[in-house]
Amino acid sequence: METSDLKKRAHALAAARKRLGISQVELALRAGCSHVTVSLLERGATMTPEMATRLAEALGVDARELCPDAIPASGPASANRAV
């Protein structure tokens, strides 16, 4: 993956979080990951489709904004998820 693509996705993640006015720690709690993971992703680390979906759900955005390979929350993956 191109470095510029990673930076765009990192910026999209940080921008969505800041629009909600929440910290990296709060986003991590909502998404079920560590704040270190959120920090790394906001600095351009590679994001898995699963993580993009979890973060997008926590942020209320389309997962494909964060990772083109992500399955949106309304897609097939959510039908199999336990409540």
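Please treat every number below as a calculation from the coordinates, not as lab data. Please read these numbers as outputs of a predicted model, since none were measured by experiment. All Cβ positions, even for glycine, are placed from backbone atoms using ideal geometry, and neighbour counts span all protein chains on display.
With +1 on the Cβ of every Lys and Arg and -1 on the Cβ of every Asp and Glu, and nothing else charged, how large is the dipole of segment 1-74 about its Cα centre, in debye rounded to the nearest 20? Before the final figure, lay out each step's value.
Details: 10 positive and 9 negative charges, 53 e Å.
Result for segment 1-74 is approximately 260 debye, rounded to the nearest 20.
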Practice task
Compute the Kirkwood hydrodynamic radius of segment 3-64, taking the inverse of the mean of 1/r over all pairs of distinct Cα atoms, and give it in Å to one decimal.
Solution key: 11.1
